[in-house]
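The values are calculated or read from the model by the stated rules, or taken from the named source; none is laboratory data. Computed from a prediction, not measured in an experiment: that's the story for all the values here. We place every Cβ from the backbone using ideal geometry, glycine too, and count neighbours over all the protein chains shown.
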Amino acid sequence: TYKSEVADKSSIFANALAKTYIEDYVESRTVAAGKTVGFIDQQLEQVKKKLTASEIQLENYRLENNIINTQQETETTLRKIAQLKIQLSNMQMNEIALDSLERYMAQNDKNFLELAPNFEAFNDLLSTELIKKIKHYQAKKKDLLLKYTVDDEKVKVVDEKIKDISSYIHESISNTANSIRLKRRELEKVIEEANRFFIGLPTKEKELVILNRNFVLNQKILNFLTEKRTEAAIAEAASISFHRIIQKAYVPTIPISPKKVLVMIVSGILGLIIGVSTVYFREFVGGKIRTREELEKISLIPVAGIVKNYKKKVSVNSEDFLRLASSLSLFNGIKKHQSILLTSTISKEGKTFITENLGSAIAALGWNVVLVDLNFKKPSLSDRCSNKNAIGMAELILEENTIDEVVQYDKANKWSIIPTGQATENSIQLMNNIQLDSTIARIKQKFDLLIIDSPATAFAAESIKLMRLSDIVYYVVKANYTKSHFLLNADLIAKEYRITNIQLLLNGVHQATNYNGNYTGSGFNYETEYMSVKDRVKRYIKYYL
């Protein structure tokens, strides 16, 4: 494949390259074939001379020595000698076995059959029967000895029979060994006579074999070189290449790359897939609440208000919380000497953040507000105190201190705060103490408004008791954080425990949202009406990006 920005160049280059390749192949093949033919011709001349000399030598040698074909006779003699040697080996093994048996019998003359001699070389039928018979008499003797003594006539008769048979076996083994020795000597003589045939074989037969081998070798080399010369001559004479051009390269009329239509189609498909996947992931896989409309569709609990999303290192806009306080006052009719509880399903949904800033906003309206931290497991509100380890609600519930002793005043935020306290080891006992109701009632009478920060309902069931003790309950839900099924927890609590004073607060919504939770856009704001373009850009970057 060859690509070029000039269409004519790509066509000319491809066709010239293919033609040059074929011509070069034909030329190189012809030259190689010519050299091969010349080399083979030289080798043929030398081999023909050697073959002719071998033929003459072989013919003269046969005529001079009157050589006949002795191969068949030699093979017959070799087979005969091999068979005789096999017989001789068997004789020798039998002889060795009989000698061993004789020595064994000589050493154990009296009781050789009571041990276990090896009769492998002495296994004719008569001998086998004799062995069986003598073993029978031995067993019979043992039975007689159980009744009679050794000197008894019956025992002596059996001993005589055993002795006769043993003597016969001794003599038979000796005679058999002598017979095998004689046969072995005869076989050795026959083998010696057969080997004399090869001693008399003339040396000329060996030379004849060498001459025949040289002749056959030269003949094979000649045949091989003749075949190769024929192949090389055919290759030299042929001028046709094994390659051919199937189709010549033509000049393209349109660019072959990049393919704009294909790129656009693939880009469109990928964009569609990625877009749909992103929407699916955010809507269905994430399953998180983002707007007030989604919240009202999922839950039956009314939405009291919204809190905007404030990024880190950006000061909270107090005007937003003043609007929220006004909205809550209109919606719920907040009155003096009441208690407000803020809770949520899980942690990090903004309970403490809203508690602190809502208290500051209501205190700015002239109310005497106190914030109470009843989240004994995670006292985040107590961390805002100047003295974090001071006494607080735990000591107040246990009646160890008075309200004035545990309250801390914050001049900057214009509200008072009661921390969790020091004796918080048994948090469950404190939340179920009978003095909790009266303690909250006393705090409400002393202050215009009591705002309680409680633990998450998913981790602490004590929050449900605080809901019943509070006049207003705000259940905090954080946008883009709280999952939809977490709201079932709020609905179940409201239904099962008959808590009617509960409302939802949506936290962390977009900055371009009004106090009702409706998206108005970044430009719909009275503050930007008389701002310059530069100030509007700065404000947009600060709050909305």
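For region 327-362, which residues satisfy the criterion of being closer than 23 Å to residue 288 by Cβ and among the small types (Gly, Ala, Ser)? Matches in region 327-362: 344, 347, 350. Screening region 318-427 for strands (runs of 3 or more DSSP E) wholly inside it with 1 or more residues that are surrounded by fewer than 16 Cβ atoms within 10 Å (Cβ to Cβ) returns the ranges 408-410.
When region 109-155 is filtered for residues that are farther than 13 Å from residue 165 by Cα, modelled with pLDDT under 55 and surrounded by 14 or more Cβ atoms within 10 Å (Cβ to Cβ), the ones remaining, listed by number, are 117, 119, 121, 122. Of the residues that sit in region 228-269 and are surrounded by 10 or more Cβ atoms within 10 Å (Cβ to Cβ) and polar (S, T, N, Q), which one is nearest to residue 41 (Cα to Cα)? Taking the candidates together, the pick is 230. Being within 59 Å of the chain's Cα centre (by Cα), aliphatic (A, V, I, L, M) and at pLDDT 90 or above is not true of residue 493. For region 1-26: of the residues being among the small types (Gly, Ala, Ser) and modelled with pLDDT of 85 or more, which is surrounded by the fewest Cβ atoms within 10 Å (Cβ to Cβ)? Within region 1-26, the match that is surrounded by the fewest Cβ atoms within 10 Å (Cβ to Cβ) is 16.
Considering every residue within region 275-293, establish whether at least one is at pLDDT 80 or above, closer than 30 Å to residue 500 by Cβ, in a helix (DSSP H, G or I) and among the charged types (D, E, K, R). Yes, some residue in region 275-293 is at pLDDT 80 or above, closer than 30 Å to residue 500 by Cβ, in a helix (DSSP H, G or I) and among the charged types (D, E, K, R). Screening residue 411 on (1) over 55 Å from the mean Cα position of the chain (by Cα); (2) modelled with pLDDT of 85 or more shows it passes everything except condition (2).
Of the residues 453, 471, 491, the single one that is in contact (Cβ under 8 Å) with a residue 12 or more places away in the chain, surrounded by fewer than 22 Cβ atoms within 10 Å (Cβ to Cβ) and under 19 Å from residue 369 (Cβ atoms) is 471.
With respect to residue 299, is the statement that it is more than 50 Å from the chain's Cα centre (by Cα), among the polar types (S, T, N, Q) and surrounded by 12 or more Cβ atoms within 10 Å (Cβ to Cβ) true? Answer is no for this residue.
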